[in-house]
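Structure first, then comments.
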There are 2 protein chains.
Amino acid sequence: MVNIVKIGGNVIDNPEKLASFLSDFAKIKGPKILIHGGGKIATKIAKDLGIETKMVEGRRITDEAMRDVVTMVYGGLVNKQIVAKLQANHCNAIGLTGADGKSILAQKRPVKTIDYGFVGDILEVNALFIKSLLDADIVPVFAPLTFDMNGDMLNTNADTQASAVATGLSSLLPTNLVYCFEKKGVLSDPENEDSVISELNPANYESFKNQGVIYEGMIPKLDNAFSSLRNGVSQVTICHADELKNALETGNAGTKITL
Amino acid sequence: MVNIVKIGGNVIDNPEKLASFLSDFAKIKGPKILIHGGGKIATKIAKDLGIETKMVEGRRITDEAMRDVVTMVYGGLVNKQIVAKLQANHCNAIGLTGADGKSILAQKRPVKTIDYGFVGDILEVNALFIKSLLDADIVPVFAPLTFDMNGDMLNTNADTQASAVATGLSSLLPTNLVYCFEKKGVLSDPENEDSVISELNPANYESFKNQGVIYEGMIPKLDNAFSSLRNGVSQVTICHADELKNALETGNAGTKITL
């Protein structure tokens with residue numbers, strides 16, 4: 001079983017929380033992969049560089065200047081800081097974007113009503129290459145970036161990328177996908193941190209959506225989770241970053257997604 | 001024979017020259033490695049971010065803020081742009097810093113009279129890991145960055161890093177080291193671009209230095225070149241970025257360094 005762990009932006013933005021999470025991640029036994037989000041630092045650096053964040057219908061547009069910022073911040077600063085810290089925890093990490101070793105090929109999102117700019121929709125995961133790293137006891141650490149064959153780096157959603165990596169690898173070995181974030185799981189009451197829904201299946205997911213209990217940002221995350229299970233991933237869990245060890249060792253943490 | 005090619009900052013700063021160089025590099029047959037310099041873009045971005053470039057006795061100091069800038073610019077922006085462009089040239093590149101796969105371990109330069117800050121002196125090259133990539137037909141592309149085991153990324157001179165990678169690999173296979181830059185080779189008259197010294201050995205190198213013909217920035221580059229030959233590298237050439245193909249195919253380009 002390979003553990004594919006996604007860590008969200010809020011933890012990335014907090015050095016103490018990140019250090020604690022990486023120490024826990026380093027201790028996971030067996031093959032593992034980390035996929036990290038971006039955090040707010042790209043927005044801050046873009047602002048400091050005088051690059052405007054463009055939104056259309058509430059969604060961020062990655063123009064060329066912003067693409068260069070996320071390439072340097074996610075692919076350079078955040079990714080290499082994580083790799084160096086994992087090495088200090090005796091975890092032999094390698095930082096990757098989709099372009100490295102052709103590991104995740106994408107295409108620039110086709111323009112329909114909105115031109116999202118340099119945003120990548122994933123076409124193919126190079127599972128054999130990723131597995132060759134795991135076989136050599138190397139731990140891939142992915143920044144949320146992919147590439148196309150025209151020489152362009154592309155900004156990519158980290159949740160989607162984690163799902164694609166897990167799904168791609170599941171043809172070669174059993175995969176366990178864990179989304180870690182700043183909440184204890186999927187909550188039935190956003191005001192109550194302890195209202196964790198212990199298990200979500202397609203039936204109660206629909207019901208929670210219809211009641212408006214699950215909404216906004218959780219919906220694409222959960223759609224990714226269900227889609228991963230339908231495409232070969234063995235297990236999917238959504239839990240707090242502090243509960244990674246617990247989720248992996250006891251299976252009793254966060255929200256389990258099942259079919 | 002593995003070709004280890006270093007490309008300097010002046011070419012990195014010019015998109016057309018860089019594209020032409022990468023197209024030539026992609027066409028080299030057999031195992032190969034690219035090591036790139038930083039270019040002036042890190043200085044520009046640091047300035048735009050309000051980070052002051054600190055110099056002591058004419059040498060740049062890498063404080064923490066500047067280290068983060070070079071980590072993101074060299075390790076993210078420059079490195080990933082090169083990797084994506086090599087992929088578009090059907091060259092399966094992987095972008096690396098020393099931290100990735102523990103490929104180049106360094107230590108923070110000890111403070112004697114000057115504290116250079118987060119600057120790495122290389123301790124060890126993981127030749128087996130680098131060779132495993134070459135064996136898989138993957139082309140390592142190194143940014144001029146290393147790491148220490150305390151979790152820190154370190155700024156490293158690209159010429160020195162190229163020499164260390166070539167020397168480290170030479171215990172496993174024959175190595176050819178080519179330094180590409182914006183001049184046709186080592187010149188006997190800096191005003192005359194065609195005054196290329198075709199061969200430099202320790203004897204005429206001393207003599208050129210004593211005459212003041214070779215000076216300043218060329219001296220550490222040439223010291224690296226001679227040290228590489230003394231430590232197992234088979235061939236070292238210094239040539240124009242446009243002449244890479246010629247240097248590799250005919251051996252009649254630039255300045256050959258011999259013992």
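The values are calculated or read from the model by the stated rules, or taken from the named source; none is laboratory data. As the structure is a computational prediction, the values presented were derived from the model and not from experiment. Note that we place each Cβ from the backbone using ideal geometry, even for glycine, and neighbour counts take in every protein chain shown.
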Any hit, the range B:90-99, residues being away from chain A (no Cβ under 12 Å) and either hydrophobic (A, V, I, L, M, F, W, C) or not in a loop (DSSP other than H, G, I, E, B) (or both): no
Restricting the range B:200-212 to residues that are touching a Leu at 6+ places or on another chain (Cβ under 8 Å) and more than 24 Å from B:GLY168 (Cα to Cα), the residue that is surrounded by the fewest Cβ atoms within 10 Å (Cβ to Cβ): B:PHE208
Restricted to the range B:135-173, and to residues that are aliphatic (A, V, I, L, M), over 13 Å from the mean Cα position of the chain (by Cα) and away from chain A (no Cβ under 14 Å), which residue is nearest to B:LYS221 (Cα to Cα)? B:LEU169
Can you name every residue in the range B:100-110 that is surrounded by fewer than 21 Cβ atoms within 10 Å (Cβ to Cβ), part of a loop (DSSP other than H, G, I, E, B) and touching a residue at least 12 places away in the same chain (Cβ under 8 Å)? B:ARG109
Would you confirm whether any residue within the range B:111-134 is more than 18 Å from B:GLY8 (Cα to Cα), more than 13 Å from chain A (Cβ to nearest Cβ), surrounded by fewer than 23 Cβ atoms within 10 Å (Cβ to Cβ) and among the polar types (S, T, N, Q)? yes
Return the residues of the range B:151-175 that are part of a loop (DSSP other than H, G, I, E, B) and polar (S, T, N, Q); say none if nothing qualifies. B:THR156, B:ASN157, B:SER170, B:SER171
Please go through (1) over 24 Å from B:PHE142 (Cα atoms); (2) within 12 Å of chain B (Cβ to nearest Cβ); (3) touching a helix residue (DSSP H, G or I) at 6+ places or on another chain (Cβ under 7 Å); (4) not hydroxyl-bearing (Ser, Thr, Tyr) for A:LYS47 and return the number of the only condition it doesn't satisfy. (3)
Residues located in the range B:1-38, provided they are β-branched (Val, Ile, Thr), closer than 22 Å to B:MET72 by Cα and at pLDDT 95 or above: B:ILE7, B:ILE33, B:ILE35
Looking at B:GLY254, B:GLY217, B:GLY232, which one is buried (at least 23 other Cβ atoms within 10 Å of the Cβ) and either touching a residue at least 12 places away in the same chain (Cβ under 8 Å) or not aromatic (Phe, Trp, Tyr) (or both)? B:GLY254
Kindly indicate which of A:ILE41, A:ILE7 is under 18 Å from the mean Cα position of the chain (by Cα) and more than 14 Å from chain B (Cβ to nearest Cβ). A:ILE7
Go through (1) out of contact with any Leu (no Cβ under 7 Å at 6 or more places or on another chain); (2) assigned to a strand (DSSP E or B) for B:VAL178 and report which single condition fails. (1)
Could you grab me the full set of residues in the range B:57-86 that are facing chain A (nearest Cβ under 7 Å) and either assigned to a loop (DSSP other than H, G, I, E, B) or in contact with a Phe, Trp or Tyr (Cβ under 6 Å, 6 or more places away or on another chain) (or both)? B:ALA84
Flag for A:VAL178 being of a type in the set (Val, Ile, Thr) and over 23 Å from A:VAL70 (Cβ atoms): yes
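Table: residues versus (1) under 25 Å from B:ASP152 (Cβ atoms); (2) surrounded by fewer than 18 Cβ atoms within 10 Å (Cβ to Cβ).
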| residue | (1), (2) |
| --- | --- |
| A:ILE28 | yes, no |
| A:GLY39 | yes, no |
| A:ALA42 | yes, no |
| A:ASP48 | yes, yes |
| A:THR53 | no, yes |
Take the conditions within 15 Å of the chain's Cα centre (by Cα) and surrounded by fewer than 21 Cβ atoms within 10 Å (Cβ to Cβ) and apply them to B:GLU182. Does it pass? yes
Just to be sure before I move on: is A:GLY75 buried (at least 24 other Cβ atoms within 10 Å of the Cβ), without any contact (Cβ under 8 Å) to a residue 40 or more places away in the chain, touching a Ser or Thr at 6+ places or on another chain (Cβ under 7 Å) and under 25 Å from B:ASN92 (Cβ atoms) in the structure I sent? no
Could you please find all residues in the range B:40-58 being among the aliphatic types (A, V, I, L, M) and at pLDDT below 90? B:MET55, B:VAL56
Which condition from (1) out of contact with any Cys (no Cβ under 9 Å at 6 or more places or on another chain); (2) assigned to a strand (DSSP E or B); (3) surrounded by 15 or more Cβ atoms within 10 Å (Cβ to Cβ) is the one that B:LYS6 breaks? (1)
Cβ contacts < 9 Å: first residue basic (Lys, Arg), restricted to the range B:12-25; second residue in a loop (DSSP other than H, G, I, E, B), any location; separation 6+ or different chain. Result? B:LYS17/B:GLU182
What are the residues in the range B:193-234 that are under 17 Å from B:ILE7 (Cα atoms) and outside any helix (DSSP H, G or I), if any? B:GLY217
